[in-house]
Amino acid sequence: MGEAKREQSIRSPVTWTVLGLVIERPSYGWELSKRFERLYGDVLPVGGESNIYRALEALHGKSLIEELEEPRTVAGTSRQPKQHYRATTEGLERYAEWVMAGEREHRRRSLLFARQLGALAQEPETALAILGRYEQAWLDDKGARIPTASGFATRPVPGLADRLASAYGRDVKAATLGWIEYARREFAALTSRDPRRL
Amino acid sequence: MSLLELRHVRKHRARGSHRVEVLRDVSLEVAAGELVAVWGLRRSGRSTLLAVAAGIELPDSGMVLFEGEDLGARGARMLGEGVGYCAQVVAVASRRRVIDNVRAGLLGRGVPAPVAYASAHEVLGRVGVERVNGLLMGDLDAAEAVRVAIACALVLGPRVLVIDEPTKGVDLLERDKIVLLLRSLADEGIAVLVSDGDGSGLSDADRALTLADGELRGRNSPQMGTVLPLRSAGSSSGL
């Protein structure tokens, strides 16, 4: 592995997400693909188990994960021992940086949307229509459902990721609906049909 | 047919010297087994909407129907017999025992005391607070108080449950459990209409709607498509 290859940045969110799963618990390809599907299947298509192995290869190549010394036999299976991976210290640091970068991108996109909507000041009816569709999309979104199954008991803290996602989703939803109402009043005031003017 | 239906409901309130229209031509259907959440900011009219939907308050115009029958015509008789209503839970230093509070509705309907006690005990278990039946109402925490309020409604066997902001003031980690309780009641066939100010119930509801300036937005019937707010209440009502 050359230095140039190590310096190439990892662009695939699947690869970074696999790193997060390895950080959560040292594991191997098949188990990681199942955990990936369970936790991220609805928001991040992995596109086949082979991509998990490619991700592991990329992470290993950049020394973000390392092989455990001895392959482990997986409880409940009669198959041959599996090569397990664990995260390196650098892997943990890089993962934290990536998560924060994603959060910055999320905020950037939200600001972009708000400002681009603001460009419709001369076309408030269009802006109101966009807001209506935006609102309905949030109302229809079921992504923040409360997790009910303890079904992933093998996780270090069962259900934690699902509960965090649910709580985050509903708080963002409530805040977004509040913002939509604010924006709607701004644009309604630009039209002749502001109910408070009537 | 929907169990609960609001047709073109309008409601006004006095605010100082003004008369404000709190509900503007609101139509809404809730079917058996549905959990419907209405989100709104403070003073959006969400509590008024629920009080009208439960038959606690009459609309100024329009109709509220339970199984096709006008709640306004039947009045308070409907409460408890078909429609259960839980107002926002306010902490009170009540010296009344929980079990007595829950069975009071049954006793008022002539149910023998032992039967009422057994029913109240059972329904407290159903809502997950069997352990508090001997406590005083004033000793309950917010989550327990909400569950007991739900029990008070459920003990009368309603087919529709209308509950105003059940997660307000409830500890963050307890909110999900309240929502899951409501979800389970809907799954048992009760039509549940809930108001929401913090987003707690929005994602687990079958339908979520918003209420602002007295105007209800979203999918207002189980079959209906999106109602996009392309016209404000002001213009559509001709005010």
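The values are calculated or read from the model by the stated rules, or taken from the named source; none is laboratory data. The structure displayed is predicted, hence computed values, not measured ones. In this analysis, Cβ positions are derived from the backbone assuming ideal geometry, glycine residues included, and neighbour counts consider all displayed protein chains. We work out accessible area using only protein heavy atoms, side chains counted, and drop any ligands, DNA or RNA first. Shrake-Rupley method; radii C 1.70, N 1.55, O 1.52, S 1.80 Å.
Miscellaneous remarks
- Per-region count, region A:115-136, residues without any contact (Cβ under 8 Å) to a residue 60 or more places away in the chain and either away from chain B (no Cβ under 14 Å) or closer than 17 Å to A:Ser166 by Cα (or both): 5
- Restricting region B:134-164 to residues that are open to solvent by 20 Å² or more (accessible area, probe 1.4 Å) and of a type in the set (D, E, K, R), the residue that is farthest from the other protein chains (Cβ to nearest Cβ): B:Asp139
- Count - residues of region B:204-217 that are in contact with a Ser or Thr (Cβ under 6 Å, 6 or more places away or on another chain) and at the interface with another protein chain (Cβ under 8 Å from one of its Cβ atoms): 2
- Restricting region B:168-202 to residues that are part of a strand (DSSP E or B) and of a type outside the set (A, V, I, L, M), the residue that is nearest to the other protein chains (Cβ to nearest Cβ): B:Asp196
- Screening the candidates B:Ser17, B:Ser2 for the property of being free of Cβ contacts under 8 Å to residues at least 40 places away in the same chain and either open to solvent by 20 Å² or more (accessible area, probe 1.4 Å) or of a type in the set (Ser, Thr, Tyr) (or both) yields one hit, B:Ser17.
- Candidate set from region A:156-171 (those that are loosely packed, with under 15 Cβ neighbours inside 10 Å and modelled with pLDDT under 85); member that is farthest from the other protein chains (Cβ to nearest Cβ): A:Pro156
- Failed criterion for B:Leu124 (all others in (1) assigned to a loop (DSSP other than H, G, I, E, B); (2) within 27 Å of B:Asp187 (Cβ to Cβ) hold): (1)
- Any hit, region A:76-87, residues being outside any helix (DSSP H, G or I), modelled with pLDDT under 90, among the β-branched types (Val, Ile, Thr) and over 22 Å from the mean Cα position of the chain (by Cα): yes
- Single residue of A:Glu90, A:Glu7 found to be at pLDDT 95 or above, out of contact with any helix residue (DSSP H, G or I) (no Cβ under 6 Å at 6 or more places or on another chain) and either open to solvent by 60 Å² or more (accessible area, probe 1.4 Å) or more than 26 Å from A:Lys142 (Cβ to Cβ) (or both): A:Glu90
- Considering (1) under 26 Å from B:Val132 (Cβ atoms); (2) at pLDDT below 90; (3) surrounded by fewer than 24 Cβ atoms within 10 Å (Cβ to Cβ), the lone condition that B:Ser184 does not fulfil carries the number (2).
- Residue that is modelled with the lowest pLDDT, among those in region A:116-146 that are open to solvent by 70 Å² or more (accessible area, probe 1.4 Å) and of a type in the set (S, T, N, Q): A:Gln122
- In region B:35-75, the residues that are touching a residue at least 40 places away in the same chain (Cβ under 8 Å) and open to solvent by 20 Å² or more (accessible area, probe 1.4 Å): B:Leu41, B:Arg42, B:Arg46, B:Ser47, B:Glu57, B:Pro59, B:Asp60, B:Ser61, B:Gly62, B:Met63, B:Glu67, B:Gly68
- Filter result for A:Ala149 (open to solvent by 20 Å² or more (accessible area, probe 1.4 Å), away from chain B (no Cβ under 12 Å) and either at pLDDT below 90 or assigned to a helix (DSSP H, G or I) (or both)): no
- Subset of region A:16-49 [over 25 Å from A:Gln80 (Cα atoms) and part of a helix (DSSP H, G or I)]: A:Trp16, A:Thr17, A:Gly20, A:Leu39, A:Tyr40
- Close Cβ contacts (under 6 Å, 6 or more residues apart or on different chains) running from residues in region B:213-233 that are over 17 Å from B:Val30 (Cβ atoms) and open to solvent by 30 Å² or more (accessible area, probe 1.4 Å) to residues that are modelled with pLDDT of 90 or more and among the hydrophobic types (A, V, I, L, M, F, W, C) comprise B:Leu230/A:Ala129.
- B:Ala76 satisfies every condition listed in (1) at pLDDT below 95; (2) touching a Cys at 6+ places or on another chain (Cβ under 8 Å) except (2).
- Search result, residues across region B:1-49 that are hydroxyl-bearing (Ser, Thr, Tyr) and not in a strand (DSSP E or B): B:Ser2, B:Ser17, B:Ser44, B:Ser47, B:Thr48
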